[in-house]
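Engineer: My questions will all concern the structure given below.
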Amino acid sequence: MRDRLKSVSGKKTLVTGAASGIGRATAIAAARAGAELVLTDIDAAGLAETVEAIGREGGKVLFSRALDISDYDAVTAFADEVHAAHGGLDVVMNVAGVSAWGTVENLEHRHWRTMVDVNLMGPIHVIENFVPRMVRDGRGGALVNVSSAAGLLAFPWHAAYSASKFGLRGVSEVLRFDLARHGITVHLVVPGAVNTHLVQTVEIAGVDRDDPRVQRYVKRFQSHATPPERVATQILRGIEKNRFLIHTSFDVRFGYWWARKFALPYEFAMRRANDLFDSFLKKG
């Protein structure tokens, strides 16, 4: 068994979703820790800002490219260029993601399709194109997949989003054991509320985002949300400590423990939460 990776220092590290939020914060934190970065995001302008910010601090970006991770051919071409120029990677971080909520009667096919294409197939495309090379190189490394608290718990209105995040959790559970023999550790990040741009842009099917009540809920959410910089620190610490589940807040850790230990109260709480969300929709 190879020694596991204990730091990203000096390691070639891919971060997807690097233009904003958790992705940008993680890229910057990894650069400060000495990682040599490969960055991507669909937002070209935001990605350029991240590269510039890292450069100003003396960090090292080996390669960056704006692309859509749900496009398999684009990810494949990106990986081919990275490997040709820099060889295999040591750390792969799947951070990019999108969100949409809504009840099943309000969700449209495009919501389901986008959640699965970006949040599940996107990371799979990255894994397909980068992890086999890591295995062949035989240096070990780390794979980080950012799921969500909605990949652990049955939150109301999250069916489409949870389809993708539970799926990524399943992929990670299997690869945790499949890759261990190659010295590649796997880490599943399960953030709860994180104060990113996604909070302001998440689409809620059947709900008017400009409704004052919705805005109040958003502000309440933000007031309890974890800063992305703290999440980034926890991700790097999780790699160092070889933690499979990386929690970013106590409420998610406790909720997951509670759901497993107390199934009936958990069901009651989830049904009650669903009723509350439903009553909110009917008042709209």
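Engineer: In segment 1-112, if every C-alpha pair distance is counted and binned at 5 Å from zero, what percent goes to each bin?
Structural biologist: In whole percents, the pair-distance histogram is 2, 12, 21, 21, 17, 11, 7, 5, 3, 1, 0.
Engineer: Using a Debye calculation, one point per C-alpha and no hydration shell, please list log10 I(q)/I(0) for segment 73-123 at q = 0.13, 0.18 Å⁻¹ in order.
Structural biologist: Result of the Debye calculation: -0.47, -0.70.
Engineer: Sticking with this one: Please list 85-92, 52-59 highest first by mean number of surrounding beta-carbon atoms within 10 Å per residue.
Structural biologist: Working: 85-92: 19.0, 52-59: 13.0.
My ranking of the peptides, most packed first, is 85-92, 52-59.
Engineer: Please state the charge dipole magnitude for segment 122-190, taken about the Cα centre, from unit charges on C-beta atoms (+1 on K and R, -1 on D and E), reported in debye and rounded to the nearest 20. Write out the running numbers ahead of the final one.
Structural biologist: Working: 7 positive and 4 negative charges, 25 e Å.
Once rounded to the nearest 20, the dipole reads 120 debye.
Engineer: Something else now. Averaged per residue, what accessible area in Å² does segment 1-155 show with a 1.4 Å probe, protein chains only?
Structural biologist: Details: 6260 Å² over 155 residues.
For segment 1-155, the per-residue accessible area is 40 Å².
Engineer: Based on the mean of other Cβ atoms within 10 Å per residue, sort peptides 137-144, 100-107 so the most packed one is first.
Structural biologist: Details: 137-144: 21.0, 100-107: 16.6.
Top to bottom by mean Cβ count within 10 Å: 137-144, 100-107.
Engineer: For Phe155, what accessible area in Å² do you get when you roll a 1.4 Å probe over the heavy atoms of the protein chains, rounding to the nearest 10?
Structural biologist: Answer for Phe155: close to 70 Å² accessible.
Engineer: May I pose another question? To the nearest 10 square angstrom, how much accessible area does Glu240 have with a 1.4 angstrom probe?
Structural biologist: 90
Engineer: Along its principal axes, what span do the Cα atoms of segment 29-71 show, with the longest given first and each in whole Å?
Structural biologist: Projected onto the principal axes, the Cα atoms of segment 29-71 cover 30, 17, 15 Å.
Engineer: Could I ask something else about it? At a 1.4 Å probe radius, carbon and sulfur cover how many percent of the accessible area of segment 69-161?
Structural biologist: On the way: 1840 of 3360 Å².
Using a 1.4 Å probe with all protein chains present, segment 69-161 comes out at 55 percent carbon and sulfur.
Engineer: Let me ask another. Using a Debye calculation, one point per C-alpha and no hydration shell, please list log10 I(q)/I(0) for segment 74-170 at q = 0.16, 0.17 Å⁻¹ in order.
Structural biologist: For segment 74-170 at q = 0.16, 0.17 Å⁻¹, log10 I(q)/I(0) is -0.69, -0.75.
The values are calculated or read from the model by the stated rules, or taken from the named source; none is laboratory data. Just so you know, these numbers come straight off a predicted model, no measurement behind them. As a convention, Cβ positions derive from the backbone with ideal geometry for all residues, glycine included, and neighbour counts pool all protein chains shown. Accessible surface areas use protein heavy atoms only, side chains included; no ligands, DNA or RNA. Shrake-Rupley method; radii C 1.70, N 1.55, O 1.52, S 1.80 Å.
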